[in-house]
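K.L.:
First, the structure itself, so that you have it in front of you.
The values are calculated or read from the model by the stated rules, or taken from the named source; none is laboratory data. Nothing here was measured: the structure is a model prediction, and the numbers come from that model. Here Cβ is always computed from backbone atoms with ideal geometry, including for glycine, and neighbour counts include all displayed protein chains. These area figures cover heavy atoms from the full protein model, side chains too; ligands, DNA and RNA do not enter into them. Shrake-Rupley method; radii C 1.70, N 1.55, O 1.52, S 1.80 Å.
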Amino acid sequence: MDIFSVFYNIPLSEESRDLTTFTAPDGRRFKYRRCPFGLNNTPSQLSLILGNLFSDKSRFHSLACYAGDLAIYSCDWKSHLQQLELTLRTLQDVRLSRNPRKTEIAASEIEYLGYRLSGDSVRPLLGIRHRTAAARTARSNGQAESVVERLSEHLKFYAKDDYTIEEVIPLIEMNLRAVPHSKLSISPYELVFGRPMPLGIPGDPETPSEGNVDRVAYYKWLATELHRLHGALKKAKEDLKLTENKLMTELIRYNSRNGK
């Protein structure tokens, strides 16, 4: 389950509020009284608060929490309901609420922190191996979180089938570039090329493709083009490095001949 607007439930001290001051377009100045999204230390503080809230493992023996995500696991239905009721009451006591759109109850299998969890196994989604560099000091960025959320939605969609990450990333990249921005009503592709992407949005779980698009053929073409572009970029960087080294050598020789 996901806690609703979790960062806004963390109050800021008087000393910290001045650090969040911003100026509105009309010239008025405001400052936050509660943690806004995007502060580097907000997720780590949240993890500390929730860790303390559910620290009593004699009571919360089947609960795991990371940032604003809670996972309840049980061996039987009765103990699962008891643990769920205790968790919801504890959240209610501290005036925290769950996000119903991001909550799954009584699921036999869930996706949590990049893994598919069930009573029988723990499997990485799409064969991705995750590495947590700072589990207790998570960081947040509003724009990055938005992209990660959209990427996660697509990964979960493709994880239902027998795909690998290498097979779906090109389609997801194309989708992210072709979908219009919610406020600008224009896609990144249209910003660059001046027109919408002509192929529609193949691979989008909610938007059907226009025409009869062969996904496999398109993936092969896109993967080949990306490989070619990456190779050309790598070679260009190597050539630039060689040119810089050559110019530096000539400069050293010139200075030595002229006594500099």
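K.L.:
Considering each of S47, S62, S74, S16 in turn, give the residue that is surrounded by 10 or more Cβ atoms within 10 Å (Cβ to Cβ) and touching a residue at least 40 places away in the same chain (Cβ under 8 Å).
P.N.:
The match here is S47.
K.L.:
Only one of these conditions is not met by R98: (1) over 21 Å from S152 (Cα atoms); (2) surrounded by 14 or more Cβ atoms within 10 Å (Cβ to Cβ); (3) of a type in the set (K, R). Which number is it?
P.N.:
(1)
K.L.:
Examine region 136-158 for a residue that is at pLDDT 75 or above and farther than 30 Å from M1 by Cα, and state whether such a residue exists.
P.N.:
For region 136-158, residues at pLDDT 75 or above and farther than 30 Å from M1 by Cα: absent.
K.L.:
Do you know which of the residues in region 1-32 that are among the charged types (D, E, K, R) and touching a strand residue (DSSP E or B) at 6+ places or on another chain (Cβ under 7 Å) is farthest from L96 (Cα to Cα)?
P.N.:
R29
K.L.:
Is there any pair with a first residue in region 96-119 that is on the phi > 0 side of the Ramachandran plot and part of a helix (DSSP H, G or I) and a second that is modelled with pLDDT under 75 and surrounded by 12 or more Cβ atoms within 10 Å (Cβ to Cβ) whose Cβ atoms are under 8 Å apart and which are 6 or more apart or on different chains, and what are they?
P.N.:
none
K.L.:
Sticking with this one: Given the structure, is L233 of a type in the set (A, V, I, L, M, F, W, C), open to solvent by less than 100 Å² (accessible area, probe 1.4 Å) and at pLDDT below 70? Before the answer, list the steps.
P.N.:
Numbers: of a type in the set (A, V, I, L, M, F, W, C): yes; open to solvent by less than 100 Å² (accessible area, probe 1.4 Å): yes; at pLDDT below 70: no.
It is false that L233 is of a type in the set (A, V, I, L, M, F, W, C), open to solvent by less than 100 Å² (accessible area, probe 1.4 Å) and at pLDDT below 70.
K.L.:
For residues in region 3-55 being of a type in the set (A, V, I, L, M) and not in a loop (DSSP other than H, G, I, E, B), which is nearest to C65 (Cα to Cα)?
P.N.:
Taking region 3-55 as the starting set, the residues that turn out to be of a type in the set (A, V, I, L, M) are 3, 6, 10, 12, 19, 24, 39, 46, 48-50, 53.
From what is left, the residues that are not in a loop (DSSP other than H, G, I, E, B) are 3, 6, 19, 46, 48-50, 53.
Working: I3: 11, V6: 13, L19: 29, L46: 10, L48: 10, I49: 11, L50: 7, L53: 10 Å.
Applying the filter and picking the extreme gives L50.
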